[in-house]
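Enquirer: I have a structure here, written as structure tokens, and I will follow up with some questions on it.
The values are calculated or read from the model by the stated rules, or taken from the named source; none is laboratory data. Every value quoted in this text rests on a predicted model; they were computed, and no experiment measured them. FYI the Cβ positions are ideal-geometry reconstructions off the backbone, even for glycines, and counts take in every protein chain you see. These accessible areas exclude ligands, DNA and RNA; they are computed on the full protein's heavy atoms, side chains included. Shrake-Rupley method; radii C 1.70, N 1.55, O 1.52, S 1.80 Å.
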Amino acid sequence: MGIASVQENGHGEMGLSDFPLGSKNKYKRMDSEFTDYDGDDNHNQLESRKKSTRKYVYGCAVFASLNNVLLGYDVGVMSGAILFIQEDLKITEVQQEVLVGVLSIISLLGSLAGGRVSDAIGRKWTMGLAAVVFQIGAAVMTIAPSFEILMVGRILAGVGIGFGVMIAPVYIAEISPTIARGSLTSFPEIFINLGILLGYVSNYAFSGLSAHISWRIMLAVGILPSVFIGVALFIIPESPRWLVLQNRVEEARSVLMKTDENESEVEERLAEIQQAAGTSNTDKPVWRELLSPSPALRRMLITGIGIQCFQQITGIDATVYYSPAIFKAAGIEDESKLLAATVAVGISKTAFILIAIILIDKVGRKPLLYVSTIGMTTCLFGVGITLLLMKEGSISIALAILFVCGNVAFFSVGIGPVCWVLTSEIFPLRVRAQASGLGAVGNRMCSGLIAMSFLSVSRNITVGGTFLIFSVTSLLSVAFVYKHVPETKGKSLEQIELLFQDEYAFQGGEVQLGDVEHLVQK
């Protein structure tokens, strides 16, 4: 029995059919040689189209990722701004934890609502809504005269960030060619890292001002990226897959003509998208499908939400938010030196994301996750042992900086970007936005819980003891990757859905397209 025989399951989902699998992928590589041309003129035209298409798609990915600068900037700038907020507004330690962590907790509301909003108004305009809400929140924080008003602005900013972080990877995954989807969907993580670095630089640049002024300027600078987002909305197209869901097929075809380098493949891609939209077009509401998932969708949810949670419970946001406190525990006392050391963390986190961008579509998602989680486990353990067993001094400071920078570097090489890539590509078209939103909710909730508890936990079991706990959770993430994460490199979004159709696909911790062919031909 052939591939076309994949039938409806008991949960109202339909299998995809007529998609060729394995090495015979009908979508050519973006950098491959075209052989179907007659003469140099046709060849030159095809090469010219390939270059212009690549530039267009990359431009869309860049513009779509701008919202993530806002999240990164907030994470980075708050690590230094909180020192001056505490001095200016005389807030308590608990209030510091709430102020830092509430953004992540509140952002889960934005992520949870973002899926339905993006299904209703489109991926593109959801990004615009995210920027507007964040701008309002940042403006309120800048002029806040008290802790209570500051919290109001922080909550608004959190909702805006929640919208932004869940929709950017979904949009990029839906608009990208298969062969470049991994690197392009990693762009949001690049921009988060860039935002963190800019936040650290802002801390250092404005630290010389008075406590009353410095933190306000630091937070106000975060409004600037939103201006560029507004411009981007008039440049980037809507997702072709969302347009198909709205029965706007001609518009979808027009977008695919701009994003696919080979015109002859546009109709094939459009047919696949229409079939994927049609086979998932049931009367069952999406939220009910997510609450009572089929076995395949359940495996997708475990993978997507699980990898999002592990990205945060290994302590990355605590490391970034509280890096001054970590270095202070290692022996750095001078405030300007503390902030300068955090800049080194930001540079490491930003620089190593480039390695992931280069390798993610070449070596695959899973190898990068192994390198990342094992490396993070080693570095987190190193931070814990250094702070627990070594006395304060130059050696302790050097090792602490080395291990912290190593931790964020390994994070950026793998689980940082790959986490968002996976959750944007593993879910079926019908539930993609809302399921990705659930993954982002798990991410933001874990981030908030870690950020809001770090100071209290560290006071009770020391900073070093806290990092030993992070190293244990990081070790568990290695096992999770082995058991629950398939390799999705080189597969179309419609093909990836087939990977989860049978538990057999996860045996041995690795999935090949040949396995899927075996499954659907039973």
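Enquirer: Please list M390, M376 from largest to smallest accessible area, probe radius 1.4 Å, with all protein chains kept in place. Could you put the intermediate results ahead of the total?
Expert: Numbers: M390 75, M376 5 Å².
Order by accessible area, largest first: M390, M376.
Enquirer: Cα-Cα over 32 Å: which of K90/K124; K124/K328; K349/K489? It would help to have the intermediate numbers written out before the result.
Expert: Working: K90/K124 41 Å; K124/K328 43 Å; K349/K489 24 Å.
Violating the 32 Å limit, Cα to Cα: K90/K124; K124/K328.
Enquirer: Could you tell me how far the Cα centroid of segment 283-323 sits from the Cα centroid of segment 420-498, in Å?
Expert: Here the answer is 7 Å between Cα centres.
Enquirer: Something else: Just check segment 322-409 against the gyration tensor rule for me: Cα atoms, a ≥ b ≥ c as the square roots of the eigenvalues, rounded for a/c under 1.5, and otherwise prolate or oblate depending on whether a/b exceeds b/c. Before the final figure, lay out each step's value.
Expert: On the way: a/c = 3.88, a/b = 1.84, b/c = 2.11.
In terms of gyration-tensor shape, oblate.
Enquirer: Within 10 Å of each candidate Cβ there may be at most 16 other Cβ atoms; applying that plus a DSSP loop requirement, which GluC sites (Glu not before Pro) in segment 285-359 survive?
Expert: Sites meeting the loop and neighbour criteria: E333.
Enquirer: Report in % the part of the accessible area of segment 333-429 that belongs to carbon and sulfur, leaving out ligands and nucleic acids; probe 1.4 Å. Provide the component values of the computation, followed by the final result.
Expert: Details: 2620 of 3470 Å².
Exposed carbon and sulfur together represent 76 percent of the surface.
Enquirer: What figure in square angstrom, to the nearest 10, would you give for the accessible area of W242 with a 1.4 Å probe?
Expert: 10 Å²
Enquirer: With a 1.4 Å probe and all protein chains left in place, how much accessible area per residue does segment 105-228 have, in Å²? Could the numbers behind the result be given before it?
Expert: Numbers: 3850 Å² over 124 residues.
Heavy-atom accessible area per residue stands at 31 Å².
Enquirer: Once you place label points 7 Å from the Cα toward the Cβ at V152 and S456, how far apart are they in nm?
Expert: In this crude label model, V152 to S456 measures out at 2.6 nm.
Enquirer: Residue by residue, what Karplus-based ³J(HN,Hα) values in Hz, rounded to whole numbers, does segment 215-221 have, using 6.51, -1.76 and 1.60 with θ = phi - 60° and x for Gly and Pro?
Expert: For segment 215-221, the Karplus curve yields 5, 5, 5, 4, 6, 5, 4 Hz.
Enquirer: Moving on to the next point. So, in Å, what gap is there between the alpha-carbon centers of segment 397-419 and segment 57-122?
Expert: What the calculation gives is 21 Å, centre to centre.
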